[in-house]
Structures are given as structure tokens and as C-alpha cells.
Amino acid sequence: MRLGKYEIKLVPKLKVNGWEAALISFVAVLIALIIVGLIILKAGVNPLVGYKEIFAFAFGSKFGLPLTINRSIFILLCTFAFIIPMRAGLWNIGTAGQLYAGALGAFAVAFAFGAKESQGLSVSPAIIIPLMILGAILSGAVIGAIPGLLKGRFNTNEIVVTMMLNSIAFWFVSYMIKEGGPFMGGGGEGEGFKLLDPLFGPLVMGQPFTIIIALLLAVVLYLLFSRTSIGYQIRTFGQNPAAAKYSGISSYKIPLLVFILGGLIAGFAGYHYFAAVPGVYKITMNYGDLGDLSFYGIICGLISQMNPLAAIPIALLFGGLTNGGRFVQGKLKLGFGIDYALLGVLMISLVAFQFFYRYRITWERVKEDQ
Amino acid sequence: MPKETIKSGDVILEARGITKRYPGVVANEKIDFEIRAGEVHAILGENGAGKTTLMNILFGLVQPDEGDILLHGEKVIFKSPLDAIRNGIGMVHQNRKLIPAHTVIENILLGHPRAGNILDLKTTSEEISQLCKKYGFKIDLKAKVWQLAEGEKQVVEILKALYRGAKILILDEPTSALAPPEVEKLLESIRIMTSQDMALVPFITHKLPIVLTVSNRVTVLRRGKVTARLETKDASENSLAKEMVGREVIFRLEPVKVDLGKPIIQVENLSAYDDKDCLALKHLSFDIHEGEILGIAGVSGNGQQVLAEVLAGLRSVEEGSIFLDGDDITHSSSLVKWKKGIGYIPENRVDVGSVAEYSLLENVLMNYYFDGNYSRWGILEDKKIKDLTRQIISEYSVAAPGPETIAKNLSGGNLQKVILARVLSRNPHLIIANLPTQGLDVGATEFVQKKLLEAKRAGAGILLISEDLDEILSISDRVAPMYEGEFMTIMSVEEARREDIGAMMAGLKQEAQLT
């Protein structure tokens, strides 16, 4: 393309290294903030003040930071639940349903040990809490196994199956916690019952212990994909199913495996939010909002290019902005939806800037001899 | 714009010092040549010699980094194919760029400046009919393109270029997809076109005899440089091959005779279905011994692909049995078969035999991820695999910088070397080689055949599937012509007469009728 005296060219890149990718993402975030800054300006607020408030609340305040951390862990876990099937070329749109199932599984264990009647626990919490976690991840895995099994066995579309399961799980939770359902809380306000204090998820330095599991998982998954035979099989299946079949990789076991793993982690995300986040400890009335929030896992997975380590800062950013955005909207009396606008523009910008993962723009002065 | 008075022999187009670099490779380096009216100027080169880049530069798809293109002595810059077309250059693609659901005339008109909002099919069809008459093409203009044979589709592409006023026609591998009678017709059309002062520039990888019959001049490329520029009358098949490959090429390999060992694979009464649920293998029985090559000769689509897939464990057996070294493997999975020593070289090396986005190392892993020697507790031992990949690259002289090279940057011949090396490095007892040299250039073909013979000498049994009868007859021990899912016979290669095998491939003769 000619632009004045310069010839602009697109040159394909062979490879992007980690630092370059990080820089590109950073610029993308900056551009998004500038664009949304214009919107904030239009609303009559100095964007710098707006952003200062957002970030100060999300990452620098006593009230905001814990919220950010809890949300980020949740989004990060949902990202992993999306990434694992995606590496095999399969779309897990069912993190919402899987995390509902996880929450129900955890509370079913608590229920079974008499937590609802609040007559004191017959067994030590040191036994019940691990069983609750087990219940959560197994429930998530069972729901997850369904699309995997159908995909491997009958080549059913996994997107349709997972979305339908989301609905089923949503209404099943509703049945369980509302209007006389077995898990209904004492107040009759359409919430689940509250856990007894000893069953609260343990805290590590004031934060839910799940943060350690989530960070550990990032490393484990990274190594799984880069170093192990099973990770290689998953990636090969995702890159080229015909070549995978030729190499003897089972086109039945791989979809089943990745969906079980994905469901398992989403189930754990359900445990995290409803049984380990301080101040919650019950299946809340607005549990559907958490299902919606889980969809940020998809965005986060795609932006991080399915790299579990790269997903950590992105999950933190999204966790912080969903939080801080909502906060300034109230505090500075910005229009309704500014938080969604911020997230939306951010996503578009991050996705658009992935262009630079594959191309670089060069320009040179056109010679004047023509 | 083309001058009015062009005589046969005048230089129309000149390339001077064309250079094009891609990251890590110089695709074209200081290439000079000239194209004259009324002549056929063949550009010859192996895969990866830079033909495609040069072709794309001439047609405006790619801009050279250095060098000039001169049209009638004046410098021109083709920024896009549209510029090239306006300047009288036409392109006949190897992978036809036609719309199958449209008629011939609609395809010819597509993209023509005259095709605005209203199609004037009547005038156009008269004009095209005249073009056909002038150049001796016979084609039904109202036929849909999907109904046409491969040779007719090519005629449509040629007509399309002529109708836009092409004076220079670039032909990409013009004979590659054509049956022998169609090739004859094409050669005749080429003679007529040159007699009308057109210039033709065929780009050719193999098929040296075609070059010798039809061209006036040849330019040979090797590794992006011009290695020879000569008149065809001074050239021979051997001299051209030598310039292309850079060394002497043996066109016929010496047969390797080894004593047959015990049978490796025994197949009895084997039947299987293809993807369309048609019975594609009908009660086949055969065996292959140690140190033996069984050549399956046949036109594609007669069940060879199904046979290969069934033996490799990628397709289920309907009836019959398969024994490998005495073990029943009839219903074993492909993973079990890999582990037991069957090595499969698939027909489709890009979509099945390799993963384009993977590095060479990861592509080698395709046959090693399950191997206990290359992983511990499920964790892959990177160093061992890297060493193996390096060894493959050097032993098979794969043109790649290292194990981290991405497979899609390799030429077809180099990719086939990697696949072959990967499979052979497992020392398989039985090798299934499905069209192992298809689409490869002279040098790579010879290399692949040599490696198969080496494996045979080392005691492997080989099932060689090929459409090239010369290949089958030169390296097999026994030959089985295949037609509609059956072997017409299985005979030793010494007894096989070429004409008989050819007739049986076409389903014309049964064994009993041979004398």
C-alpha cells in the first residue's frame, strides 16, 4: 500500500516469542483504555480520574482487592476448563453447567453429613472438606463427560450438547435451592443453605486456598501440553484429526478425556466460588451471574492462545475490571453499562491485536526515480 | 500495451536480475530470461527450486525485491494479477480456478471487464466460438464446469486467458492431471497457439519428455538460481535432469535380489468397505515375505487406499484375516499395529502424514510418542527426540535448518523424506508405501526408491502401491495388478509383460486369458 512517499508492507512472521506477545497484549490493553476513555470523557468525567478509581478499587483497596482475587481465580479456573478441550480442537461452552454441577456436588456432600440441619457435625471437617471438593470435581466431570462421550462415540456437535446441558444444570440448581427444594436455605429467600463455619473453605494468608490450586494447575497444565505424551496426543488431535488417527491416537478417548478434565476443573470453580470465597458459603440466589461470568474463560483462553500461564495476567485483568468497572459506575455516576463497554472494547482490542502475532508492518521510502 | 507488429521470435517479455527473498531462504536469485513470440519457453526445476515464486512474480501475485520486468523493452511493475492480465499475460493454474456450478461461458466471462451488471452472453459466445475455431479447441460452451474432464477444464482456463487478450500464457504443470490422450490434444493446441505468435511458458517439475517434445527453449532452475539456459535441440533427458538435480540421475534402479525369508504378513479372504459403504476389497488373499516387495499396480480408486488403511488398522475388516509374524492382527487398532512393527507411509502426506503447523521434531514424534524408549512416566524425553530428528535431517539430507523448522515450510519432497525417515527409523517388519513418489521430482523419487530397496535388503517386507507402472516393474519382486477391489493376478516381475499388466490394470484381461 502507498501512503504518501512511503510504501507500507505486511510481512508474515514465522514465530512470536513470549516477550513480543506480552508487549503486543500490553499495547492492545492501552488502546482499549484510550477508546473507552473517550466514552468516559463524553460522560463528563476525566478518564484519568475514572481509571484511577477503577484500578485503585480493583487492585489497591481493602474491599476491592479480595473481590478481584476471588473473581480472577474463578475466571482462571473456567479458562482452564475451556483451554483443555480447545487444545484438542473442541469447544467447551459448558463451563457454566459444569460449575453448577460442581456446586451441587459440594453441597450434596455437606448435606449428607448433616450440615443443613445444623445439629453439629458427626464427622471431622478435615474429612468432609476434601469430600466436598471430590464431590464438586466428580460432578463437574460427569456433566463434562457427556459431550465428550457423545463426540467420541457419535461425532455429535459438542457446542450444542454443552449449551443444552447448561440449561439443564441451571434449572436443576433452581429446583434444588428454591421453593422447598432439598438444599433450600432457612430464610426461604430462594437461596441454598449456608455452610456451617467449620466447613468454610480454608484460608491461606486471608485468601481462599483455591488460589494455590489454581496457580499450581497453570504450571501443571503448561507442562502437560509441552512435555507429556498425553498432552502431545491432545494437541495432535486438535491440530489435525486425520494425522492423529494415522498415528494411532484414539479419536474416541481424546474427546472423552479432555471433556472430563475440563468438567473437573469447572466443577472445582463451582466449589471455589460457593464454598471457599469468604462471605458466600452458599449457593446464592444470583448463581446464574456466575454462569455468565464463566464465559470470560472462553475469551481469556482465546486471548492467551490457550497458554495456561499467559492466562493468569489476563484473568487477573478481567477479574479486576469487572469489579472496578461496576464500582466507578456507581461512584462517579457514569451511564449504565460502562463496565460492559470497557470489557467489550478490551476483548475486541486484544483479539484485533493478535494480527501482530502473525504479521509485522514495515515501511520504506519509495524511490523517486520512477 | 502490446505492439501491433509482433513477429515470431521477437522478445516480448524480459526478466532481469529477479531476486526474491523470504525469511531464511532466497527463493529467486538474479534470474534472467526472455520470452519470445511464437515460442515455447519451458521453465524446469525441482520442487523448491523457486518456480512458484517466479511464476507468481510474472503474474503479479508477488513483487520481486530486486530486478525488473521489461515488456517490449519497457519496464513494467505488476502490482496485482490485474496489471499482468491487462498487459497480456494469462495464467493456467494447476489447481483450476473455476467455478464448478457455472457454465463454461460464465467462467470465461467471470472477472472480464465486460461482465458488468448485464451479461451479454450472445456476443460473448460468438466471440469465444471464433477463438475456439482459431486455435482448434472443441468445447461445449453451455456445459457446466463440473461435468467436464480435466483436460477440458484446462481448455476453459486457456480460453479465459485468450479471451482477455493474453499474448503470453503461463502454464503451471500443464500435463500433470491429464490422461495420455488429453496430453496429445494439449500439445496440438500448443503448436497452433505458437504458430499464431503466442508465447507459452510452461513450468514443469518432472515429465522431461514433454519438455523435449514441445519446447523451443529451456531455462533450468536449481535452488533459486538459473543453472542452464539452452535451446531444446541441444538438450537431452539426461542433461536436463543433471542440471535440475545437480548430479547424474539413474532413471532405472538396479533390482536388488535378496533371498526370501519367512512370510511376514499373511492375508486371507480379506474384504472391506470404503467410505461410501461399497465393497472395495473383495476376498483378497496374499502374503509378503521378508525381503520382498509386492507391487500393487492400479489406477487410483480401485481399492488400493482401502487395502492400505485396513492393513494399517485405520479401517475395519469386514471378513477375512490378517496375520503378522504369525499373530492374528485382523482387528487390532492402528496403535497396536505400529507397536508390532507395521509402518505406513500414507498417500496424503500433507493432511494425513504430517501436521503442517508442527515442527519437524513434533512430526517425528507422531511415530514415537507411544515408544517407551522416548518417554518416562508419560513425560517425553525431549533430548532423545531432538537427536533423532537431527539424525533424520542429516541422514536423509532434508533441506531444513533444524528440528524446530515448521513442517509447512518444507517442499513436498522434503516432507516426504521426513515421513519416510520417521517410519523407516522404527525398523518396521512390514512397510505399506502408498504412492510414495507421487508428485515428487526426479531426485526425490530416486531417493525414496533407494531407501525402500535398502529396507528390503535389511529384511523388511514391503507393500508398494503405485500408479506408475515403471516404478512397480523396476523395484518390485512380485506384481499384483488391482482392478475393482480384486487382484487380477499375482506374478513375479520377471514373468510380467508390461502390456499385460497395463491391460489388467484397466480390467481388460484375466489371468486365464494370458498366453
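The values are calculated or read from the model by the stated rules, or taken from the named source; none is laboratory data. The model shown is predicted, which means the values in this text are computed figures rather than measured ones. Note that we place each Cβ from the backbone using ideal geometry, even for glycine, and neighbour counts take in every protein chain shown.
Which of the residues that make up the stretch B:287-302 are in contact (Cβ under 8 Å) with a residue 12 or more places away in the chain and closer than 23 Å to B:Glu499 by Cβ?
Just the residues of the stretch B:287-302 that are in contact (Cβ under 8 Å) with a residue 12 or more places away in the chain, to begin with: B:287-300, B:302.
Those that are in contact (Cβ under 8 Å) with a residue 12 or more places away in the chain and closer than 23 Å to B:Glu499 by Cβ: B:Ile293, B:Leu294, B:Gly295, B:Ile296, B:Ala297, B:Gly298, B:Val299, B:Ser300, B:Asn302.
Here's the yes/no breakdown for (1) out of contact with any Gly (no Cβ under 8 Å at 6 or more places or on another chain); (2) free of Cβ contacts under 8 Å to residues at least 12 places away in the same chain; (3) within 13 Å of chain B (Cβ to nearest Cβ); (4) surrounded by fewer than 19 Cβ atoms within 10 Å (Cβ to Cβ):
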{"site": "A:Glu189", "(1), (2), (3), (4)": "yes, no, no, yes"}
{"site": "A:Leu203", "(1), (2), (3), (4)": "yes, no, no, yes"}
{"site": "A:Pro208", "(1), (2), (3), (4)": "no, no, no, no"}
{"site": "A:Ser226", "(1), (2), (3), (4)": "yes, yes, yes, yes"}
{"site": "A:Tyr232", "(1), (2), (3), (4)": "yes, yes, yes, no"}
{"site": "A:Gln239", "(1), (2), (3), (4)": "no, no, yes, yes"}
{"site": "A:Ile254", "(1), (2), (3), (4)": "no, no, yes, no"}
{"site": "A:Phe259", "(1), (2), (3), (4)": "no, no, no, no"}
{"site": "A:Tyr273", "(1), (2), (3), (4)": "yes, no, no, no"}
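Of everything in the stretch B:363-379 that is in a helix (DSSP H, G or I) and closer than 17 Å to A:Lys245 by Cβ, the residue that is nearest to the other protein chains (Cβ to nearest Cβ) is B:Leu365. Residues that are among the hydrophobic types (A, V, I, L, M, F, W, C) and more than 14 Å from every other protein chain (Cβ to nearest Cβ) were ranked within the stretch B:300-319; the one that is surrounded by the fewest Cβ atoms within 10 Å (Cβ to Cβ) is B:Val317.
From B:Ala421, B:Ala400, grab the single residue that is free of Cβ contacts under 8 Å to residues at least 60 places away in the same chain, closer than 30 Å to A:Val16 by Cβ and not in a helix (DSSP H, G or I). Result of the check over B:Ala421, B:Ala400: B:Ala400.
Note on the stretch B:438-453: among residues that are out of contact with any Gly (no Cβ under 6 Å at 6 or more places or on another chain) and closer than 23 Å to B:Leu361 by Cα, the one that is surrounded by the most Cβ atoms within 10 Å (Cβ to Cβ) is B:Leu452.
Does the stretch B:472-515 hold any residues that are acidic (Asp, Glu), at pLDDT 75 or above and either in a strand (DSSP E or B) or under 23 Å from B:Leu270 (Cβ atoms) (or both), and which are they?
If we filter the stretch B:472-515 for residues that are acidic (Asp, Glu), which is where we start, we get B:477, B:484, B:486, B:494-495, B:499-500, B:511.
Within this subset, residues satisfying the condition of being at pLDDT 75 or above are B:477, B:484, B:486, B:494-495, B:499-500.
The answer is B:Asp477, B:Glu484, B:Glu486.
Condition first: more than 10 Å from every other protein chain (Cβ to nearest Cβ) and either aliphatic (A, V, I, L, M) or buried (at least 24 other Cβ atoms within 10 Å of the Cβ) (or both). Now tell me which residues in the stretch A:241-252 satisfy that. Result: no residue meets the conditions. Across the stretch B:348-362, the qualifying residues are those that are outside any loop (DSSP other than H, G, I, E, B) and more than 9 Å from chain A (Cβ to nearest Cβ), and the one among them that is surrounded by the most Cβ atoms within 10 Å (Cβ to Cβ) is B:Leu360.
Looking for something touching a Gly at 6+ places or on another chain (Cβ under 9 Å) and either touching a residue at least 24 places away in the same chain (Cβ under 8 Å) or not acidic (Asp, Glu) (or both) - is there at least one such residue anywhere in the stretch A:16-31? Full working, then the answer.
Here is the first cut: in the stretch A:16-31, the residues touching a Gly at 6+ places or on another chain (Cβ under 9 Å) are none.
Scanning the stretch A:16-31 turns up no residue that is touching a Gly at 6+ places or on another chain (Cβ under 9 Å) and either touching a residue at least 24 places away in the same chain (Cβ under 8 Å) or not acidic (Asp, Glu) (or both).
When B:Glu184, B:Glu248 are screened for being acidic (Asp, Glu), part of a loop (DSSP other than H, G, I, E, B) and modelled with pLDDT under 85, only B:Glu248 passes.
Do we find that A:Ile299 is within 14 Å of chain B (Cβ to nearest Cβ) and either part of a helix (DSSP H, G or I) or modelled with pLDDT of 95 or more (or both) in this structure? Steps first, answer last, please.
Working: within 14 Å of chain B (Cβ to nearest Cβ): no; either part of a helix (DSSP H, G or I) or modelled with pLDDT of 95 or more (or both): yes.
Here the answer is no, as A:Ile299 does not meet what is asked.
Kindly indicate the residue of the stretch B:192-221 that is part of a helix (DSSP H, G or I) and hydroxyl-bearing (Ser, Thr, Tyr) and also nearest to B:Leu240 (Cα to Cα) among those meeting that condition.
To start, the set of residues in the stretch B:192-221 that are part of a helix (DSSP H, G or I) comprises B:192-195, B:208-214.
Then drop every residue that is not hydroxyl-bearing (Ser, Thr, Tyr), which leaves B:194-195, B:213.
Details: B:Thr194: 23, B:Ser195: 26, B:Thr213: 13 Å.
So the residue we want is B:Thr213.
With (1) more than 14 Å from chain B (Cβ to nearest Cβ); (2) in contact (Cβ under 8 Å) with a residue 60 or more places away in the chain as the list, and A:Leu38 as the residue in question, which single condition is left unmet? Looking at each condition in turn, A:Leu38 falls short on (2).
Quick grid of which residues meet (1) part of a helix (DSSP H, G or I); (2) over 24 Å from B:Gln196 (Cα atoms); (3) touching a residue at least 40 places away in the same chain (Cβ under 8 Å):
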| site | (1), (2), (3) |
| --- | --- |
| B:Lys20 | no, yes, yes |
| B:Asn28 | no, yes, yes |
| B:Asp32 | no, yes, yes |
| B:Leu70 | no, no, yes |
| B:Ile85 | yes, no, yes |
| B:Lys97 | no, yes, yes |
| B:Ile108 | yes, no, yes |
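Looking at the stretch A:275-297, which of its residues are farther than 19 Å from A:Phe200 by Cα, of a type in the set (S, T, N, Q) and in contact (Cβ under 8 Å) with a residue 40 or more places away in the chain? A:Ser294, the sole residue that qualifies.
Of all residues in the stretch B:307-347, those that are part of a strand (DSSP E or B) and in contact (Cβ under 8 Å) with a residue 12 or more places away in the chain total 11.
Hey, any hits in the stretch B:346-353 for a residue that's touching a Pro at 6+ places or on another chain (Cβ under 8 Å), assigned by TED's automatic domain parsing to the domain that holds B:Ile462 and not charged (D, E, K, R)? I'd like the intermediate steps shown before the answer.
Applying the first criterion (touching a Pro at 6+ places or on another chain (Cβ under 8 Å)) to the stretch B:346-353 yields B:352-353.
Cutting the leftovers down to assigned by TED's automatic domain parsing to the domain that holds B:Ile462 gives us B:352-353.
Now narrow it down to the ones that are not charged (D, E, K, R): B:352-353.
Checked against the condition, which is being touching a Pro at 6+ places or on another chain (Cβ under 8 Å), assigned by TED's automatic domain parsing to the domain that holds B:Ile462 and not charged (D, E, K, R), the stretch B:346-353 yields at least one hit.
B:Ile322 - would you say it is closer than 27 Å to B:Leu453 by Cβ, touching a Ser or Thr at 6+ places or on another chain (Cβ under 7 Å), assigned by TED's automatic domain parsing to the domain that holds B:Met504 and crowded, with 21+ Cβ neighbours inside 10 Å? In short, yes.
Restricting attention to the stretch B:330-342, does a residue exist that is at positive phi, crowded, with 16+ Cβ neighbours inside 10 Å and either β-branched (Val, Ile, Thr) or more than 14 Å from every other protein chain (Cβ to nearest Cβ) (or both)? Working first, answer last.
If we filter the stretch B:330-342 for residues that are at positive phi, which is where we start, we get B:341.
Now narrow it down to the ones that are crowded, with 16+ Cβ neighbours inside 10 Å: B:341.
Imposing the further condition that a residue be either β-branched (Val, Ile, Thr) or more than 14 Å from every other protein chain (Cβ to nearest Cβ) (or both) reduces the set to none.
Within the stretch B:330-342, none of the residues are at positive phi, crowded, with 16+ Cβ neighbours inside 10 Å and either β-branched (Val, Ile, Thr) or more than 14 Å from every other protein chain (Cβ to nearest Cβ) (or both).
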